[in-house]
Structures are given as structure tokens and as C-alpha cells.
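Asks: Sharing a structure below in C-alpha cells format, with a few things to ask.
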Amino acid sequence: MRYKFCPNCGKRLTEIHAGDDGMVPYCEACDKRWFDSFQSCVIVLVYNEYDEIVLSKQWYLPDEYTSFTSGFITPGETAEECAVREVKEELGLDIESLEYAGTYFLKEADQLMHGFISFAKKRDLVLSEEISEACWVPALEATKTMFPDKPGGPLYEVYHRFLKERGR
């Protein structure tokens, strides 16, 4: 997001040179530079001891869309804390191990997604109101309903990293 008005005082921003960053929005009244920002979120592949992963649907997305658990990082929270919290909130699962799987920038949504691969023992899923349905599926069958499974997308990258690490 490119700031046009100062988040502190509301005045229209001008631009000021900021070294290697070039021209950036600047509030003369607050004497503060406002660098471009974006939303940070997590995407978490959860697998179990039976080589199954959780795919879920969110009520506000198209019916054919299944994904991994995801959510926005809240101020004061690390990406790892967010991953654990989102899995607990959305699926009712306790993560036993968590591995960082890289970052992925979604330009169209202006989001930086932190990818994770996590392990949780298989148990019934307890869904939050955000999730319309979710289920454990065999890992090698996930792409039958996972959308979008295309190179460069966070789902694709995290999923294929998971498979590669397990010799698939």
C-alpha cells in the first residue's frame, strides 16, 4: 500500500528522497517517512502420521477452492505464533512441529505469505466459523481439489516442498 495521507495526523503527504529507497511519502507536520507497506499472513500445510494433509474451504471463496490453513499476522505476533494460533482456531488441532517453508509475495493481494509445514496427530477437526468444511486427505491426492496448484503460488510451493522433503 502506498500512503497518500499521514496515518498520524491525516495531512496529505508529499514525497522526500530516502537514499536507496528513492522517493517515499513524507509528512512534513510529523517529520515522518511512510514507506510502502503490505499485509503479512501465514499459510500452513498440516500433515499427520498417516501421510494425510488437511484441506479446507472458507465460506466466502468459490466452492472449488480448497486450501491450507491461513490467516493474518496480528501486531506483536510472530509468523510462527500466528501459524500455531490459526491451526488451533480454524481446525482445533495442536501443532507438534513447525517448519518454515519460505515467503511468497502475492502482488494482486498485496500480501506477504509466510509458508509453514506442520505436524499434528490425526484427530477429528473442530472447525471455526471461517471454515465451511475441512478434511484429512491423502497427501498425494491433494491436487485433485487443491486450488490453485500452479508454480509460484504459495499453495504449490509449500505443497511441493512438503512432497520433496518426504522423497515424493
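Rule-based calculations on the coordinates, nothing more; no lab input. Note that the coordinates shown come from a computational prediction; the quantities given were computed from them, not determined experimentally. Please note: Cβ atoms are built from the backbone with ideal geometry, for glycine as well, and neighbour counts cover all protein chains shown.
Asks: Tilt of helix 154-165 relative to the longest C-alpha principal axis of the chain, in degrees (0 to 90, nearest 10)?
Replies: Roughly 50 degrees, rounded to the nearest 10.
Asks: Could you sort the peptides 106-112, 77-83 by per-residue average Cβ neighbour count (10 Å cutoff), highest mean leading? Walk me through the numbers on the way to the answer.
Replies: Details: 106-112: 12.1, 77-83: 17.6.
With the highest mean Cβ count within 10 Å placed first, the list reads 77-83, 106-112.
Asks: So what is the calculated 222 nm ellipticity per residue for the chain, using -39500 (n - 2.57) for each DSSP H run with n of 4 or more, over all residues, to the nearest 500 deg cm²/dmol? Let's see the in-between values first.
Replies: Details: 2 runs with 25 residues, N = 168.
Calculated from helices alone, the mean residue ellipticity at 222 nm is -4500 deg cm²/dmol.
Asks: Another question, then. With axes computed from alpha carbons, what is the tilt in degrees of helix 79-91 against the longest principal axis of the chain, rounded to the nearest 10 within 0 to 90?
Replies: Taking the Cα atoms of the chain, the angle to 79-91 is about 50 degrees.
Asks: Rounded to the nearest 5, what % of the DSSP beta bridges within the chain are antiparallel ones? Walk me through the intermediate numbers first.
Replies: Details: 28 of 38 bridges.
Here the share of antiparallel DSSP bridges comes out near 75 percent.
Asks: Of K107/K164; K107/K144; K57/K144; K121/K164, which ones are farther than 18 Å apart at the Cα?
Replies: Values: K107/K164 26 Å; K107/K144 26 Å; K57/K144 14 Å; K121/K164 21 Å.
In this structure, K107/K164; K107/K144; K121/K164 lie more than 18 Å apart at Cα.
Asks: Also, I was wondering about something else. Cβ neighbours within 10 Å, averaged per peptide: list 46-53, 26-33 in order, most packed at the top. Could the numbers behind the result be given before it?
Replies: Values: 46-53: 16.6, 26-33: 14.5.
Order by mean packing, descending: 46-53, 26-33.
Asks: Below 16 Å, Cα to Cα, which aspartates and glutamates can K32 reach? Residues fewer than 8 away in the same chain don't count.
Replies: Within the straight-line limit of under 16 Å, K32 reaches these aspartates and glutamates: E15, D21.
Asks: Does the chain come out rounded, prolate or oblate, given a ≥ b ≥ c as the square roots of the eigenvalues of its C-alpha gyration tensor, rounded meaning a/c under 1.5 and, failing that, prolate meaning a/b above b/c? Write out the running numbers ahead of the final one.
Replies: On the way: a/c = 2.51, a/b = 2.23, b/c = 1.12.
It is prolate, given that a/c is not under 1.5 and a/b is the larger ratio.
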